[in-house]
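The values are calculated or read from the model by the stated rules, or taken from the named source; none is laboratory data. Since the structure is predicted, the reported quantities are computational estimates derived from the model, not experimental observations. Note: ideal-geometry Cβ built from the backbone for every residue, glycine included; neighbour counts use all protein chains shown. To get the accessible areas, we keep the full protein, side chains included, count just its heavy atoms, and leave off ligands, DNA and RNA. Shrake-Rupley method; radii C 1.70, N 1.55, O 1.52, S 1.80 Å.
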Amino acid sequence: MSKEFWKNTAIRAVKTFCQSLVAAIGVGAAVSEVDWLGALSVAFVAGLVSVLTSLASLDTVYEPSDNVDGDETNDSEAKG
């Protein structure tokens, strides 16, 4: 697990947390009417699920090669 993986995982988790918090607060709710503990709990769990999903998907993450032209030929085969 690279530094890039953890950076991207953290970004996704924060985005998920924020989206879930907004959804849990609801539209048109006054600040004093919001169950903040409940909303933060829902958002925290959603962020945690995002991190766990990233970890579970680790074996399926595609890492592009240096081959940018789309040719699947192995360099050693091409030279041979």
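Can you compute the modelled spin-label distance between S32 and R12, with each label point 7 Å from Cα toward Cβ, in nm?
About 4.1 nm separates the two model spin labels.
Give the accessible area for W36 in Å² (nearest 10); use a 1.4 Å probe, count only protein heavy atoms, and leave out ligands, DNA and RNA.
W36 has an accessible surface of roughly 110 Å² with all protein chains in place.
Would you kindly derive the ³J(HN,Hα) couplings of segment 5-22 from the backbone phi angles with the Karplus curve 6.51 cos²θ - 1.76 cosθ + 1.60 (θ = phi - 60°), listing them in order in whole Hz, with x for Gly and Pro?
With coefficients 6.51, -1.76 and 1.60, one gets 4, 5, 5, 5, 4, 5, 4, 4, 5, 5, 4, 5, 4, 5, 4, 5, 5, 4 Hz.
Across segment 52-60, in residue order, what do the Karplus-derived ³J(HN,Hα) couplings come to in whole Hz, using 6.51 cos²θ - 1.76 cosθ + 1.60 with θ = phi - 60° and x for Gly and Pro?
Once rounded to whole Hz, the list reads 5, 5, 4, 5, 5, 8, 4, 6, 9.
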